[in-house]
Amino acid sequence: MGCLSSKDRLTKEDMEFLKTHTRYDEATIKEWYKGFKQDCPNGRLTPAKFVDMYKMFFPSGNAEEFCDHVFRTFDMDKNGYIDFKEFLLAIDVTSSGTPEEKLKWAFRMYDVDGNGVIDIQEMTKIVQAIYDMLGACSSNRPADSAEERAKNIFAKMDENNDGQLTQDEFLKGCLQDEELSKMLAP
C-alpha cells in the first residue's frame, strides 16, 4: 500500500489511485485528506488515535477490543498504522459499499487469524467486542450473551456443519437474513 509522504498535498498518483478505487471525486478526496492531516499530521493513524476517535461515537462502552479488529482490517499492509489511502479505501467500503462489499470487509474482520474461515471462537470474540463497545446499559445491546449469539449465527450460516464459516457461507447467510446483516456489518 505504501505510506503517503507527510507533504500537505496528495501526489498525482495517489489521487488517481483513489479516484479509480473509491466512489469519491477529486474535491471530496481533497476534503477527506485535509481532515485526515488535521487529525494525523504525520500521515499515520495509530491504533491509539483510532481508539480515541471511536470512543467519541461510543462513549459509554469499551471500544478498544472492537477497534483492534477494525484497525487490523483497515491496515491492509500490516505496518502498524493506517495511511490515508488505506483510510479512504476503508471509509469508502464501509460507508458507500454495496451490501456484498461491506460483508466481504466484515468477513475479513471476523477472520481474526486470517486463515480464510471464521470459527466459533472468532465469531464469539467479535460479537463480545461489539457488545463491549455498545456498553452494558445501552438499549441497543441484545439480551443474549455473546456466546449464545455466536452459536445462533453459526447454526444459521454453517451449511455443511463443519464448525467454520467460509466467506461464501457468511455472505449467503447475511444476505438472506437482514437482522444478521445489520448486526454483522454495521
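Of all residues in the stretch 74-86, those satisfying the criterion of being over 13 Å from Lys49 (Cβ atoms) and either open to solvent by 10 Å² or more (accessible area, probe 1.4 Å) or at pLDDT below 85 (or both) are Met76, Asp77, Lys78, Asn79, Lys85. Return yes or no: is Phe84 touching a residue at least 40 places away in the same chain (Cβ under 8 Å), touching a strand residue (DSSP E or B) at 6+ places or on another chain (Cβ under 7 Å) and among the hydrophobic types (A, V, I, L, M, F, W, C)? Considered against the rule, which asks whether it is touching a residue at least 40 places away in the same chain (Cβ under 8 Å), touching a strand residue (DSSP E or B) at 6+ places or on another chain (Cβ under 7 Å) and among the hydrophobic types (A, V, I, L, M, F, W, C), Phe84 comes out as no.
A search for C-beta distances below 6 Å between a residue of the stretch 58-75 that is under 24 Å from Lys104 (Cβ atoms) and any residue that is assigned to a helix (DSSP H, G or I) and charged (D, E, K, R), counting only pairs 6+ apart in sequence or on different chains, returns Ala63/Lys55; Glu65/Asp132; Thr73/Arg108; Phe74/Glu86.
Among the residues of the stretch 161-186, those that are farther than 26 Å from Ala90 by Cα and open to solvent by less than 100 Å² (accessible area, probe 1.4 Å) comprise Asp162, Gly163.
Only residues that are polar (S, T, N, Q) and either without any contact (Cβ under 8 Å) to a residue 24 or more places away in the chain or at positive phi (or both) were counted across the stretch 160-186, and they come to 3.
In the stretch 99-106, is there at least one residue being open to solvent by less than 50 Å² (accessible area, probe 1.4 Å), of a type outside the set (Ser, Thr, Tyr) and outside the structural domain of Gly163 (by the TED database)? No: the stretch 99-106 contains no residue that is open to solvent by less than 50 Å² (accessible area, probe 1.4 Å), of a type outside the set (Ser, Thr, Tyr) and outside the structural domain of Gly163 (by the TED database).
The values are calculated or read from the model by the stated rules, or taken from the named source; none is laboratory data. The shown structure was predicted, so the numbers you read here are calculated from the model rather than taken from an experiment. Every residue, glycine among them, receives a Cβ derived from its backbone with ideal geometry; neighbour counts consider all protein chains shown. Areas reflect the complete protein model, heavy atoms only, side chains present, ligands, DNA and RNA absent. Shrake-Rupley method; radii C 1.70, N 1.55, O 1.52, S 1.80 Å.
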